[in-house]
Amino acid sequence: MYFSTLFKYCPVCGSSTFVLNNEKSKRCESCGFVYYINPSAAVAAFILNDKGELLVCKRAKEPAMGTWDLPGGFVDAAETAEEAIRREVKEEINADVTTAQYLFSLPNEYEYSGMTIPTLDMFFFCKLNSIEGLMAADDVESYFFVSLNELSPDNFGLKSIKKGISLFLEFKG
């Protein structure tokens, strides 16, 4: 369900005259408050091992539970994208990122608690201090390495990650 249809009352005054203002906002006709529907920031990591294989995670939770994913997640308040990718990689696979090079960003829609949340996913090429001691945690069921020749975007569940894999393969190819 999209934000424009989910929230019916003004979060400031509680009025039911909280109406669509334009494609990016809702406006309260009672108090004048305007709420803009801006994307949430998220990050994803491309990590290669010494054989040139990509580290891939299997999602433990919805959305797209059971599909392939890249390590990553949402950027917290007062956190840079670079800090977020380091934190998320540590939380999800117990690895320390030594280098995080920004590659590109893609828009996405993330389904959560019955809402469709617009996101802006930022992709990084990351190097780790070591692949020893990797461990699936947080919302990662398992992790594994896949040869780039055997990598298919169709195995990934989230739209932006599928597109990101395609762009990464074009870049590496």
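Structure values in brief
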{"item": "Residue among Cys13, Met65, Tyr110 farthest towards the positive dipole end of the chain, charges placed on Cβ", "result": "Cys13"}
{"item": "Hydrodynamic radius of the stretch 44-95 per Kirkwood, over alpha carbon pairs, in Å", "result": "11.8 Å"}
{"item": "Cα centre as origin, Lys/Arg/Asp/Glu Cβ charges: the stretch 1-135 dipole, Debye", "result": "400 debye"}
{"item": "Residues of the stretch 24-38 with amide N under 16 Å of a point placed 7 Å along Cα→Cβ from Tyr9", "result": "28-31"}
{"item": "Folded to 0 to 90 degrees: helix 81-93 orientation relative to the chain principal axis, Cα", "result": "60 degrees"}
{"item": "Most fluctuating residue given options Lys162, Lys90, Lys61, as computed from a GNM of the chain linking Cα atoms under 10 Å", "result": "Lys61"}
{"item": "For the stretch 19-29, Karplus couplings with θ = phi - 60° (6.51, -1.76, 1.60), whole Hz, Gly/Pro x", "result": "10, 4, 8, 6, 5, 10, 8, 10, 10, 8, 6"}
{"item": "The chain, helix-only ellipticity at 222 nm - DSSP H runs n ≥ 4, -39,500 (n - 2.57), divided by all residues, nearest 500", "result": "-5500 deg cm²/dmol"}
{"item": "Estimated Rh, the stretch 40-172: Kirkwood, alpha-carbon pairs, angstrom", "result": "14.6 Å"}
{"item": "The stretch 40-172 - percent relative contact order, Cα under 8 Å, separation 6 or more", "result": "32 percent"}
{"item": "Rounded to 5, the percent of DSSP beta bridges in the chain classed as antiparallel", "result": "75 percent"}
{"item": "Gained length - Thr80 relative to Met135, 0.36 nm times residue gap less alpha-carbon distance", "result": "17.4 nm"}
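Each value in this text was obtained by applying a stated rule to the coordinates, not by laboratory testing. Here the structure is a predicted model, which is why all the values come from computation and not from measurement. All Cβ positions, glycine included, derive from the backbone under ideal geometry; neighbour counts span all protein chains shown.
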